[in-house]
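Undergrad: Handing you a structure now.
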Amino acid sequence: MGWFKRLKDGIQTATKNKKEAPDGLWNKCKRCKKASTIKELKENFYKCTSCDYHVRIGSHDYFDLLFDGKYTELFSNIYAKDFLEFTDLKPYHTRLEQAREKTDLVDSMTVAEGKVNRRPLVIAAMDFSFIGGSMGSVMGQKISLAVDHCLDKRIPLMIISKSGGARMMESAFSLMQMAKTSVKLSQMAKAGVPYFSFLTDPTTGGVTASFAMLGDVNFAEPEALIGFAGPRVIKETIKKDLPEGFQTSEFLLDHGFLDFIVNRKDLKTRIGDLLHLFTPNSVPSEKVSA
Amino acid sequence: MVFLEFEKPLESLYEKLEKIKQVGEDGDIDVSQMVSELEDKIKQTRKEIYSSLTGWQKVQLSRHPERPYCLYYIENMCKKFVELHGDRYFNDDKAIVGGIGNIDGQTVVIMGHQKGVNTKMRQYRNFGMANPEGYRKALRLMKLAERFNYPVVCLIDTPGAYPGIEAEERGQAEAIARNLIEMAQLKVPILCYVIGEGASGGAIGIGLGDKIFMMENTWYSVISPESCSSILWRSWDYKEKAAEALKLTPEHMHGFGLIDGILKEPLGGAHTAPMDMVKSLKRHIKKELAPLVEMSVEDRINARIDKYNSIGEYDVRSVAVNENAVAK
């Protein structure tokens, strides 16, 4: 037998013996494949230093980028439960435990209150790493409480969407969160408290078809996937290839569903500007305080 | 008659019945006793089959090709009905129909998803899958109802909002979202009925109201069992399992408090006695509208908001709140 012939098929090395570069040092860009150090990436607002690709980041990364230093996390004591005892390839409660362990998060949404350029703002941000950023009862309740908090203190709300849509394991309960979040946002609109919807990669399904499209101002990161139906579903339905750039932020801006697209390096300034214009009296004027 | 897979025992009984009737007609033999015995047996078998339907069987019944669709109910419930077309922006969606009608002296604005009755019409109606224009037409009609202070009735029967290129270009998500926030604050009563399939955003896009009901052989879910199977089990073969796991039947939905009640159907499904179903829907609408019409606008909207705001199952744990987490 030739020495070059494989005796056993497949990879024999156990996962635990796999040799890998240590985590947290390097990032290889998904798009241009060029490497940069995590430090460089972070300094560049988590964008590829070569091609400006916006790497997916989590809720706390956005809080760090946007808030003036300190912020307070709100409603962190709300946990999902496997009310329907839903089991697909694994039970939902196992999925939840694994997601909590893997991400160190409670659920796919974290809410925090802080200041952006000295003006108060409540941000509700999603984590795609937690079951695809899916919307279940917890997300609905956090948005509901965030709205009450914002109405009470008359502080603007910003939701950062990054989600595959409704959480199937909560079946109709997740579907009803579309209605729940919408009725709450109708109270914001009626009270004249601003709500900004910031869409990031990806925002699809029930999240897009409810609060993500309902901002007083809707804006997105460049090249984010945004849509109602996922591209695979559409492709299977119409049995045709999808046009280039379909369902990107740029596509939505062009079709009139976004107000603007913002590069992550300009995000804080832009939100600061919105807060300045929508809530001019939220900072004591310089002259008075001086 | 079209028999579903799980109705096979009925089909053979019906065949037998036909044969015996034929014999009776051909010869001079008295078959009346045999006929009545068989008819009893059919009734009994039907009862047995229908007393314990699975989720997937309800899904199949909701899609029964002879099942009455939206316009059938509207035309038979309303003494007068004028269909109104178009969203005034782009075109007239054929998968959502609606207009102004009169149910026993009460003018209502009534609308719903419409499926086609034959192959040609099914295509024309896009299988009950609406484009954004459908949702925008529905909203236009609701605003019209608000202007003239008429209650709104929505009949839901859709396998989902249409997933197509043009639908995305014209903002399928925005159209559904807009309806949700507008229906939340609509000043007139809104009654919603799932009369067939209640799939996901396509259903809830005209499904936010003061009271939500489901007919007995229908389903309401965040996703169709087929798509759920393909996503979570990564195969199309688990649709029965998915239908059970999703707990999408009217009985489950009512048990969870997500709907306000169930409308009984004639034994064997709405299609076996469609006019009976029309009458029972009409009675139900009249009964449910009466108290809603009496309420003040403010009370009604507040109750609607509370109704949806209370939906959700989660634990509130006592954990140390992450006060003043310091950034950077």
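Undergrad: Name the single residue that is nearest to B:ILE223 (Cα to Cα) among those in the stretch A:205-223 being within 12 Å of another protein chain (Cβ to nearest Cβ), open to solvent by less than 20 Å² (accessible area, probe 1.4 Å) and part of a loop (DSSP other than H, G, I, E, B). Lay out the reasoning, then the answer.
TA: Step one: list which residues in the stretch A:205-223 are within 12 Å of another protein chain (Cβ to nearest Cβ), which gives A:205-216, A:218.
Add one more test, that the residue is open to solvent by less than 20 Å² (accessible area, probe 1.4 Å), and what stays is A:205-215, A:218.
From what is left, the residues that are part of a loop (DSSP other than H, G, I, E, B) are A:209-210, A:214-215.
Details: A:ALA209: 14, A:SER210: 16, A:LEU214: 22, A:GLY215: 25 Å.
That would be A:ALA209.
Undergrad: Which ones in the stretch A:125-135 are buried (at least 20 other Cβ atoms within 10 Å of the Cβ) and either touching a helix residue (DSSP H, G or I) at 6+ places or on another chain (Cβ under 7 Å) or more than 13 Å from chain B (Cβ to nearest Cβ) (or both)?
TA: A:ALA125, A:MET126, A:ASP127, A:PHE128, A:PHE130, A:ILE131, A:GLY133, A:MET135
The rows are residues; the columns are (1) of a type outside the set (A, V, I, L, M); (2) more than 18 Å from the chain's Cα centre (by Cα).
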residue	(1), (2)
A:GLY132	yes, no
A:CYS150	yes, yes
A:ALA166	no, no
A:SER171	yes, yes
A:SER174	yes, no
A:GLN177	yes, no
A:SER186	yes, yes
A:LYS190	yes, yes
A:PRO194	yes, yes
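Undergrad: Next up: Of the residues B:LYS286, B:LYS282, only one is touching a helix residue (DSSP H, G or I) at 6+ places or on another chain (Cβ under 8 Å) and open to solvent by 30 Å² or more (accessible area, probe 1.4 Å); which?
TA: Of B:LYS286, B:LYS282, the one residue that is touching a helix residue (DSSP H, G or I) at 6+ places or on another chain (Cβ under 8 Å) and open to solvent by 30 Å² or more (accessible area, probe 1.4 Å) is B:LYS282.
Undergrad: Of all the residues that make up the stretch B:217-238, how many are in contact with a helix residue (DSSP H, G or I) (Cβ under 7 Å, 6 or more places away or on another chain), outside any strand (DSSP E or B) and surrounded by 20 or more Cβ atoms within 10 Å (Cβ to Cβ)?
TA: 10
Undergrad: If A:ARG232 satisfies every condition in (1) outside any loop (DSSP other than H, G, I, E, B); (2) more than 7 Å from chain B (Cβ to nearest Cβ); (3) at pLDDT 95 or above but one, which is the exception?
TA: Single failed check for A:ARG232: (3).
Undergrad: Are any of the residues in the stretch A:173-188 facing another protein chain (nearest Cβ under 10 Å), part of a loop (DSSP other than H, G, I, E, B), in contact with a Phe, Trp or Tyr (Cβ under 8 Å, 6 or more places away or on another chain) and within 24 Å of A:ALA224 (Cα to Cα)?
TA: No; the residues of the stretch A:173-188 include none that is facing another protein chain (nearest Cβ under 10 Å), part of a loop (DSSP other than H, G, I, E, B), in contact with a Phe, Trp or Tyr (Cβ under 8 Å, 6 or more places away or on another chain) and within 24 Å of A:ALA224 (Cα to Cα).
Undergrad: Okay, next question. Going through A:ASP241, A:ASP266 one at a time, which residue ends up being surrounded by fewer than 16 Cβ atoms within 10 Å (Cβ to Cβ) and away from chain B (no Cβ under 11 Å)? Step through it out loud before you land on a result.
TA: Details: A:ASP241 fails: away from chain B (no Cβ under 11 Å).
Only one candidate passes the filter, namely A:ASP266.
Undergrad: Return the residues of the stretch A:73-90 that are at the interface with chain B (Cβ under 7 Å from one of its Cβ atoms), closer than 29 Å to B:LYS239 by Cα and assigned to a loop (DSSP other than H, G, I, E, B); say none if nothing qualifies.
TA: A:LYS81, A:PHE83, A:LEU84, A:PHE86, A:ASP88, A:LEU89
Undergrad: A follow-up question, please. If B:MET253 satisfies all but one of (1) more than 9 Å from chain A (Cβ to nearest Cβ); (2) under 17 Å from B:GLY312 (Cβ atoms), what's the number of the condition it fails?
TA: Looking at each condition in turn, B:MET253 falls short on (1).
Undergrad: Within the stretch B:198-214, which residues are more than 10 Å from chain A (Cβ to nearest Cβ) and open to solvent by 10 Å² or more (accessible area, probe 1.4 Å)?
TA: B:ASP210, B:LYS211
Undergrad: Looking at A:VAL116, A:VAL111, A:VAL138, A:VAL122, which is the one that is open to solvent by less than 50 Å² (accessible area, probe 1.4 Å), touching an Asp or Glu at 6+ places or on another chain (Cβ under 9 Å), at the interface with chain B (Cβ under 9 Å from one of its Cβ atoms) and among the β-branched types (Val, Ile, Thr)?
TA: Going through A:VAL116, A:VAL111, A:VAL138, A:VAL122 in turn, the sole match is A:VAL138.
Undergrad: Can you pull out every residue in the stretch A:141-161 that is part of a helix (DSSP H, G or I), among the charged types (D, E, K, R) and open to solvent by 10 Å² or more (accessible area, probe 1.4 Å)?
TA: A:ASP148, A:ASP152, A:LYS153
Undergrad: Continuing with this model, one more query. Residue by residue through the stretch B:168-178, note down the ones that are within 7 Å of another protein chain (Cβ to nearest Cβ) and either assigned to a helix (DSSP H, G or I) or without any contact (Cβ under 8 Å) to a residue 12 or more places away in the chain (or both).
TA: Of everything in the stretch B:168-178, those that are within 7 Å of another protein chain (Cβ to nearest Cβ) and either assigned to a helix (DSSP H, G or I) or without any contact (Cβ under 8 Å) to a residue 12 or more places away in the chain (or both) turn out to be B:GLU168, B:GLU169, B:GLN172, B:ALA173, B:GLU174, B:ILE176, B:ALA177.
Undergrad: Also: Among the residues of the stretch B:281-321 satisfying the criterion of being touching an Asp or Glu at 6+ places or on another chain (Cβ under 7 Å) and among the charged types (D, E, K, R), which is farthest from A:MET176 (Cα to Cα)?
TA: Selected residue: B:LYS286.
The values are calculated or read from the model by the stated rules, or taken from the named source; none is laboratory data. Note that the structure is a prediction, hence the values are computed from the model and not measured. Cβ sites come from the backbone with ideal geometry, for glycine too, and all protein chains shown count toward neighbours. For the accessible areas, the whole protein counts, side chains as well, though only heavy atoms, and no ligand, DNA or RNA atoms are used. Shrake-Rupley method; radii C 1.70, N 1.55, O 1.52, S 1.80 Å.
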